[in-house]
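J.: I'd like to ask some things about the structure below.
The values are calculated or read from the model by the stated rules, or taken from the named source; none is laboratory data. What you are looking at is a predicted structure, and each value in this text was computed from that prediction instead of being measured. As a convention, Cβ positions derive from the backbone with ideal geometry for all residues, glycine included, and neighbour counts pool all protein chains shown.
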Amino acid sequence: EKVLLTGGTGFVASHVLDSLASNGHPVVVTVRSEEKGNRLLQSLSHFGASNQVQYAIVPDISTKNAFDPILHDHRFTYVIHTASPYQLSFADPVNDCLNPAIKGTTYLLDSIHRLCPSVTRVVITSSSAAILNPPNHRDVYDESSWSDVSWEQAMQPEHTYRASKKFAEQAAWSFLEEHNPRFTIATINNTYTFGPLSRSLANSAKFSSAEVNTSNRRIWDLIHGKWRNPDGSACIPSTAPVFTFVDVRDVADAHLAALTASGQRYYTVGGFFSNYQIARIVDEEFKGVLGDDVLPNLKGQEDDFEEDKHWKFDVSRSEKELGIRYRGLRECVRDAVVSMLEFEKGT
Ligand code: NDP
């Protein structure tokens, strides 16, 4: 069964692609340029999966009908939509983030509806941002919860990204109600996602810190001395506002399982974490490798995560219906660091 995967160069998509290829699916990935497509195929050839993967160029998902030629030319059974802007701030909230997130989703659904009747399921990468409601947290979060973030708040940089995820997901469910298409949808509402970097960055002379995706950036900063003062003392950033993480490989498995599970939201969380806990794990696992002048001295440092004062999460639906057995923080952080060190060395 052929799959269309949008945002193929991204961090989450890279792992979804690995899972799709391992499961024998032919895949068409969308990328924004020929250069990025070639780089992706090159990285896959090391993995031995390049012959079942093709790329198609979609420079901007917020352009109407951008997906039409691809959906016209292929008989897809499934579509996985991961492409969406994910940065900490945007110069122009509407054009740089909200439009690509929201219109990118509805235009894609519209093109599938008009042009590709063979599609049975569309899996959309939403986010825990569409579920969580800071600062007025609920006691326990699950798929029944929606963020209250408003369009007005979306114009403030600190809220733009999370609002984009809520409005994009709402737009997808509304599309289903209004158009009653042949396909159904499922959303993966993953929380902060860490883990091995996107394969398309591997073996590339062009690899630089700017290419490390937003959620992994904190681990990158830590292993590049940014959580340490010149005298070696720690300057660990606050973990707030989100204290939950999930391993990207579990997120990828969830996307695959959601191709055939029931069409609903799936909240995916591996557990609680704090930046202090990440620093402690990296210290225990990599101090010898990274040298003495990189990691912060953790003596006297306090963990800013207090479990008894914290909201809870219920991910029983993704465990039961998608069969996810969540990886722990140590495995996730360790493998992220290993991949960063490998990519930097160009191995
Ligand atoms: P990345 O930045 O690594 O991937 C985003 C992908 O979307 C890239 O391939 C990017 O292409 C593409 N993209 C962004 N804007 C456009 C656009 N206007 N037109 C075409 N393509 C575009 O981020 P992640 O892999 O982390 O994110 C993937 C998805 O997962 C997103 O939907 C994100 O919201 C969601 N998510 C991520 C979480 C995380 O912690 N990482 C947590 C929860 C949800 P290019 O690189 O070429 O710009």
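J.: For residues in region 315-347 being among the polar types (S, T, N, Q) and under 19 Å from the mean Cα position of the chain (by Cα), which is modelled with the highest pLDDT?
T.: S318
J.: Surrounded by fewer than 18 Cβ atoms within 10 Å (Cβ to Cβ), part of a helix (DSSP H, G or I) and in contact (Cβ under 8 Å) with a residue 12 or more places away in the chain, is that true of V338?
T.: Taking the combined requirement at face value, the residue satisfies it.
J.: Take the residues of region 237-285 that are of a type in the set (F, W, Y) and within 16 Å of the ligand (Cβ to nearest atom): which is farthest from I131 (Cα to Cα)?
T.: F273
J.: Identify the residue in region 65-90 that is among the polar types (S, T, N, Q) and more than 8 Å from the ligand (Cβ to nearest atom) and, among all such residues, is surrounded by the most Cβ atoms within 10 Å (Cβ to Cβ).
T.: T77
A quick yes/no check of all residues on (1) of a type in the set (A, V, I, L, M); (2) at pLDDT 95 or above; (3) more than 23 Å from H310 (Cβ to Cβ); (4) not in a helix (DSSP H, G or I):
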position	(1), (2), (3), (4)
K103	no, yes, yes, no
S144	no, yes, no, yes
V149	yes, yes, no, yes
E158	no, no, no, no
K166	no, yes, no, no
F207	no, no, yes, yes
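J.: Is it true that S62 is surrounded by fewer than 16 Cβ atoms within 10 Å (Cβ to Cβ), within 14 Å of the ligand (Cβ to nearest atom) and of a type in the set (G, A, S)?
T.: Against the criterion (surrounded by fewer than 16 Cβ atoms within 10 Å (Cβ to Cβ), within 14 Å of the ligand (Cβ to nearest atom) and of a type in the set (G, A, S)), S62 does not qualify.
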